[in-house]
Structures are given as structure tokens and as C-alpha cells.
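Worksheet for the structure shown next.
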Amino acid sequence: MTVQVKPEALDPAALAAELIRCPSVTPKDAGAIDVLARALEPLGFACTKLEFTEPGTEPVLNLYALGDHIVPPDASAAMQRYLGSADYTGCGIDTGHIGMYVSRKAAHEIPPRIVAWLREHS
């Protein structure tokens, strides 16, 4: 399904201001996910909010770039402290920000890690 979004249908500054007023966008989103759903659903997006019935019960795989200068690896690795999952796997990949998506190394290293993690957690 292709969604045609009219630029005038969404005020990015107003949306950003509303999101900034939410204290968090982690799984304890404090309303940020609802703000996004209210903005996106009228544009034709189907939004499904995942509800975790017990905090920390969902497994997490966090892949991040060790050479990232946009999202520093320390910031990505710190996610473990805020998610509260007892089943957290963090994995730094020796590449940069863009390299996580388009490098030959990423193409060979990341998909097998994801597949192995999914097999372990299925």
C-alpha cells in the first residue's frame, strides 16, 4: 500500500513540539506513541501499539555501529539500562552510521546475527 502524504496535512513543527512535551519515547513512552498515532492515522497509516503486560519481559536485540559519529555507540549501548528487559542482547558492529545499512560488511554480518537471535527467541 502506498500512502500519499500531503505536506500541508501535517505540521512538523507542531508535531515535534507535542513529542518534545512527552517525557520519554522508550517503552514507557509517556504518550509519545499516541501522539504519533494521532498524527499518522488520518494520513492513512495503520498504527498498532504494542502493550507489554509485564515490564522487562520482551527480549531485545540492539545492533549498533561502533564507529557511529551521529549516534555514538555509548548512547546505543546505554539503551539496556532504560529498557528493563532481562533478555537483552547488545552487539556493536565494526562500521559507521551509514555502513550499518549499505556496507558490504553489514550485508554479510547483520542478517545472520538477526536470524540467529530470532531462532534463539522463537
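The values are calculated or read from the model by the stated rules, or taken from the named source; none is laboratory data. For clarity, every value in this text was computed on a predicted model and none was experimentally measured. Glycine also receives a Cβ, built like all others from the backbone with ideal geometry; neighbour counts cover every protein chain displayed.
Details
- Residue match in segment 87-100 (condition: in a helix (DSSP H, G or I), without any contact (Cβ under 8 Å) to a residue 40 or more places away in the chain and either basic (K, R) or more than 18 Å from A65 (Cα to Cα) (or both)): no
- Considering residues of segment 85-101 that are within 18 Å of the chain's Cα centre (by Cα) and more than 20 Å from E120 (Cβ to Cβ) only, the residue surrounded by the most Cβ atoms within 10 Å (Cβ to Cβ): M100
- Residue list for segment 41-81, restricted to those being surrounded by 13 or more Cβ atoms within 10 Å (Cβ to Cβ), part of a helix (DSSP H, G or I) and modelled with pLDDT under 85: M79, Q80
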